[in-house]
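Everything below concerns the one structure shown next.
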Amino acid sequence: MSAPTFTPPTLEPTVRNALRSPKMLRTEVLAGLVVALALIPEAISFSIIAGVDPRVGLFASFTMAVSIAFLGGRPAMISAATGAIALVIAPVAKNYGMDYFIATVLLGGLMQIVLALLGVARLMRFIPRQVMVGFVNALAILIFLAQVPHMVDVPWLVYPMIAVGIAIIVALPRVTKVIPAPLVAIVALTAFTLLAALDVPNVGGEGELPDSLPSLFFPDVPFTLHTLKIIAPYALAMALVGLLESLLTAKLVDDITDTHSDKTREAWGQGAANVITGFFGGMGGCAMIGQTMINVKASGARTRLSTFLAGVFLLVLVVGFGDVVALIPMAALVAVMIMVSVGTFDWHSIQPATLRRMPKSETTVMVVTVVVTVLTHNLAAGVGVGVLVAMTLFARRVAHLTETNRELVANRDGTTSAVYRVTGELFFASSNDLYTQFEYADDPDHVVIDLSASHIWDASTVAALDAITTKYHRKGKTVEIIGLNASSAERHERLTGSLPIH
């Protein structure tokens, strides 16, 4: 296996094209502004989940977005403070304080870099398509559910404002795409709220906005084994969740834009961005599916410039124009996120015609992934369970395709041989039943097992063949195994006789 390759950060052709094209530059700039506005309430909410000051989440979103714009492998993808990371490391802040919390972020980032060096991005090929579909649908549901608290116990005016915001986002692109529809919806509803002096929930009500720039922060923790025991489990969980969510989101953006991205670079880029974020007192993060969909799908951004500007605009807005940003009604941002949810969900996957054509096992994998993710609010748990279910159902399906046919063949010397022709893939799920497919008592003294139409994949199969041979030998009969292909023969020769038989 070759070592992972690393692409150094450069000013890519797409960025240079954006700088030369007024139309593309406008798209990237406006997309970054829309994403920055959408990041503010999310970052504040995630800070509350993590049990830290809102500024910790806001500064993390700034440093993550700016860093990953240079370091990441997937252009136009947005990385910032996320709920998944907040949930994983929240106990550290609660039980041990801010210094241990930041130390956990730093160690989590370093672990992501190490995992990238070990080639973790290659594991993406083991995630089945239906798990990806379930991941996307679960994210769409979670994005929508995150908006529900902003629609409960609120003034009745919030509901028509959300409806108007959705109408603008749906209708405006049919008239013009010069300005992103989500930005128009935010500006229009904010202006209406101010002119009409409406008393509705706004961004300022979500938490205090910072009034200064982020500064370097070095956690004051002892460099001892005891400290490592405290933070390492949370850091590892953060690293795995962050990489999984980021790599799956990168794959989704690849599909939407019909382009390829460097997953290994994305993996170590996420780690480096988290280390940088930790040293600025941020809570760490990973790719954000909602904001990425706003950037790529709703706003049409395609380059790193939009990601970089999202971080810059976020800092400028909360530090320089905090008083103005605080007046944006939450109804406007809720309308944007609801449409992101609708656009993210794979509606084709639940159409009756699709469900009728799709094998039940494939549909089961998708549903399990969705249900586990939504119930736990943990993308890693949902995807992990989905992959396990897919593997189990696949093994069960392949095991049932294995057949053993017996035939009595007369030899030239007048004796008779029992020939067993085994068809199918032999591994732990199918070879466990292989032992019961032979007629040990009734077979003649010579038995032939023909594996020309099968393949030995693991030690379980070799152990099963050894057990069959041993049982025949106890009855004074000989067994000949024929038809092994090169790989099966090598595996059988290496393992036979060395495995315990029960």
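The values are calculated or read from the model by the stated rules, or taken from the named source; none is laboratory data. Computed from a predicted model, the values in this text were never measured in an experiment. We place every Cβ from the backbone using ideal geometry, glycine too, and count neighbours over all the protein chains shown. Keep in mind that these areas ignore ligands, DNA and RNA; they rest on the heavy atoms of the full protein, side chains included. Shrake-Rupley method; radii C 1.70, N 1.55, O 1.52, S 1.80 Å.
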Within segment 269-304, work out how many residues are more than 16 Å from VAL105 (Cβ to Cβ), part of a helix (DSSP H, G or I) and at pLDDT 90 or above. 4
Scan segment 327-340 for residues that are crowded, with 18+ Cβ neighbours inside 10 Å and part of a loop (DSSP other than H, G, I, E, B) and jot them down. ILE328
Tabulated pairs, segment 275-290, first more than 12 Å from PRO219 (Cβ to Cβ), second assigned to a loop (DSSP other than H, G, I, E, B) and charged (D, E, K, R), C-beta under 8 angstrom, 6+ apart or interchain: ALA287/ARG74
Here's a check for you: in segment 262-280, which residue that is open to solvent by 10 Å² or more (accessible area, probe 1.4 Å) and of a type outside the set (Phe, Trp, Tyr) is nearest to LEU248 (Cα to Cα)? LYS263
Taking GLY343 as the residue in question, decide whether it is closer than 25 Å to ILE127 by Cα and assigned to a helix (DSSP H, G or I). yes
Looking at PHE101 and the list (1) at pLDDT 95 or above; (2) under 18 Å from the mean Cα position of the chain (by Cα), which single condition is not satisfied? (2)
Determine, yes or no, whether PHE321 is buried (at least 20 other Cβ atoms within 10 Å of the Cβ) and more than 25 Å from the chain's Cα centre (by Cα). no
From the set of residues in segment 151-186 that are modelled with pLDDT of 90 or more and farther than 16 Å from ILE338 by Cβ, which is most open to solvent (accessible area, probe 1.4 Å)? TRP156
Considering PRO214, PRO233, PRO219, which residue is over 22 Å from ARG74 (Cα atoms) and touching a Lys or Arg at 6+ places or on another chain (Cβ under 9 Å)? PRO214
Among the numbered conditions (1) in contact (Cβ under 8 Å) with a residue 24 or more places away in the chain; (2) farther than 16 Å from SER61 by Cβ, tell me where LYS229 comes up short. (1)
Which condition number in (1) within 30 Å of VAL88 (Cα to Cα); (2) β-branched (Val, Ile, Thr); (3) modelled with pLDDT of 95 or more is the one that ILE449 fails? (1)
Residues (closer than 18 Å to ILE289 by Cβ and at pLDDT below 90) located in segment 229-241: LEU240, VAL241
Scan ILE89, ILE113, ILE85 and give me the residue that is within 22 Å of LEU240 (Cα to Cα) and open to solvent by 10 Å² or more (accessible area, probe 1.4 Å). ILE113
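Conditions tested, residue by residue: (1) at positive phi; (2) touching a residue at least 40 places away in the same chain (Cβ under 8 Å); (3) of a type outside the set (Gly, Ala, Ser).
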residue: ASN378; (1), (2), (3): no, yes, yes
residue: ALA395; (1), (2), (3): no, no, no
residue: GLY424; (1), (2), (3): yes, no, no
residue: PHE427; (1), (2), (3): no, no, yes
residue: PHE438; (1), (2), (3): no, no, yes
Please go through segment 346-360 and pick out each residue that is part of a helix (DSSP H, G or I) and open to solvent by 20 Å² or more (accessible area, probe 1.4 Å). TRP347, HIS348, ILE350, PRO352, ALA353, LEU355, ARG356, ARG357, LYS360
Considering only residues that are under 15 Å from ILE127 (Cα atoms), touching a Gly at 6+ places or on another chain (Cβ under 6 Å) and among the hydrophobic types (A, V, I, L, M, F, W, C), which ones fall in segment 369-398? VAL370
For ARG74, the lone unmet condition from (1) over 19 Å from MET339 (Cα atoms); (2) part of a helix (DSSP H, G or I); (3) open to solvent by 10 Å² or more (accessible area, probe 1.4 Å) is (2)
For segment 215-244, name all the residues that are open to solvent by less than 20 Å² (accessible area, probe 1.4 Å) and under 20 Å from GLY382 (Cα atoms). ALA235, MET238, ALA239, VAL241, GLY242, LEU243
Taking the stated definitions as given, is ALA86 in a helix (DSSP H, G or I), under 23 Å from ALA232 (Cα atoms) and touching a residue at least 40 places away in the same chain (Cβ under 8 Å)? yes
